[in-house]
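Below is one structure, written out as structure tokens; comments come after it.
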Amino acid sequence: QKEVEQNSGPLSVPEGAIASLNCTYSDRGSQSFFWYRQYSGKSPELIMFIYSNGDKEDGRFTAQLNKASQYVSLLIRDSQPSDSATYLCAVKVSGGYNKLIFGAGTRLAVHP
Amino acid sequence: DGGITQSPKYLFRKEGQNVTLSCEQNLNHDAMYWYRQDPGQGLRLIYYSQIVNDFQKGDIAEGYSVSREKKESFPLTVTSAQKNPTAFYLCASRVPTGELFFGEGSRLTVL
């Protein structure tokens, strides 16, 4: 069974700090990785995707991928209360029909 | 505007009833997906479809059925065989680069 693991949190950070969210996956053949943000009661929205080892930056968000360690992370700089949400890591597993497996999510709370 | 429309947003069902959740997209995407989300859990894949008239079971397909007669539409039927259907149901479509975009979801409650 291919799995995606995340710490459920809550991860509590002060406003303006860097929030670091982590994700590990079991399928060594995975090539595509996604971060989604989900506000309570709402559907997930895509924040970033990353395919290559290293860092990818988009505004206040940086995704980091290390395929050798089967680890992907999301950094949120200058965290704002509006960033308080659950962050879902998703991995496209190898083989088959473009199947994405989601982690259970990490709940982030940014306090003023 | 392009997007994915799910209906109804809220649905109540009595035990033993089948219900159908609608999912329509005007994004011209080939692939569509149905996920289920329970409190404190991640999204679990129910069914997915790569093209019209083709679909595959996901990880938790038992008690569900789908059809894909049109590119724009991928309805999900929750049958009476699904023993614990109360959940948040999410439909998504996939862009060629792999990202999924989700509809607003349908929340089903069994009374």
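The values are calculated or read from the model by the stated rules, or taken from the named source; none is laboratory data. Only a predicted model underlies this, so the values are computations on that prediction, with no experimental measurement involved. FYI the Cβ positions are ideal-geometry reconstructions off the backbone, even for glycines, and counts take in every protein chain you see.
Numbers at a glance
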read-out	value
Verdict on B:ARG68 being part of a strand (DSSP E or B), of a type in the set (Lys, Arg) and at pLDDT 95 or above	no
Some residue of the stretch A:71-90 being closer than 25 Å to B:TYR48 by Cβ, out of contact with any strand residue (DSSP E or B) (no Cβ under 6 Å at 6 or more places or on another chain) and surrounded by fewer than 22 Cβ atoms within 10 Å (Cβ to Cβ)	no
Of the criteria (1) acidic (Asp, Glu); (2) within 14 Å of chain A (Cβ to nearest Cβ); (3) touching a residue at least 12 places away in the same chain (Cβ under 8 Å), which one B:GLU72 fails	(2)
Pairs where the first residue, in the stretch A:46-60, is in contact (Cβ under 8 Å) with a residue 24 or more places away in the chain and in a strand (DSSP E or B) and the second is loosely packed, with under 12 Cβ neighbours inside 10 Å and of a type in the set (Asp, Glu), C-beta under 6 Å, 6+ apart	A:MET48/A:ASP58
Residue in the stretch B:23-33 that is closer than 16 Å to B:GLY105 by Cβ, within 12 Å of the chain's Cα centre (by Cα), buried (at least 19 other Cβ atoms within 10 Å of the Cβ) and within 10 Å of another protein chain (Cβ to nearest Cβ) present	yes
Search result, residues across the stretch B:45-61 that are in a strand (DSSP E or B) and either among the aliphatic types (A, V, I, L, M) or more than 8 Å from chain A (Cβ to nearest Cβ) (or both)	B:LEU45, B:ILE46, B:TYR47, B:SER49, B:LYS57
Check on B:LYS9, within 29 Å of A:GLU5 (Cβ to Cβ) and exposed (fewer than 15 other Cβ atoms within 10 Å of the Cβ)	no
Subset of the stretch A:8-25 [surrounded by fewer than 16 Cβ atoms within 10 Å (Cβ to Cβ) and within 14 Å of another protein chain (Cβ to nearest Cβ)]	A:SER8, A:GLY9, A:PRO10
Some residue of the stretch A:73-82 being over 13 Å from the mean Cα position of the chain (by Cα), at pLDDT 95 or above and part of a strand (DSSP E or B)	no
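Results for (1) more than 21 Å from A:LYS99 (Cα to Cα); (2) modelled with pLDDT of 95 or more; (3) within 15 Å of the chain's Cα centre (by Cα), shown as yes or no for each residue.
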{"residue": "B:THR20", "(1), (2), (3)": "yes, yes, yes"}
{"residue": "B:GLN41", "(1), (2), (3)": "no, no, no"}
{"residue": "B:GLU72", "(1), (2), (3)": "no, yes, yes"}
{"residue": "B:GLY98", "(1), (2), (3)": "no, no, no"}
{"residue": "B:ARG107", "(1), (2), (3)": "yes, yes, yes"}
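Yes or no, residue by residue, for (1) away from every other protein chain (no Cβ under 14 Å); (2) of a type in the set (D, E, K, R); (3) under 22 Å from A:GLU3 (Cα atoms):
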position	(1), (2), (3)
A:ARG37	no, yes, yes
A:SER40	no, no, no
A:GLU45	no, yes, yes
A:SER69	yes, no, yes
A:LEU74	yes, no, yes
A:ARG77	yes, yes, no
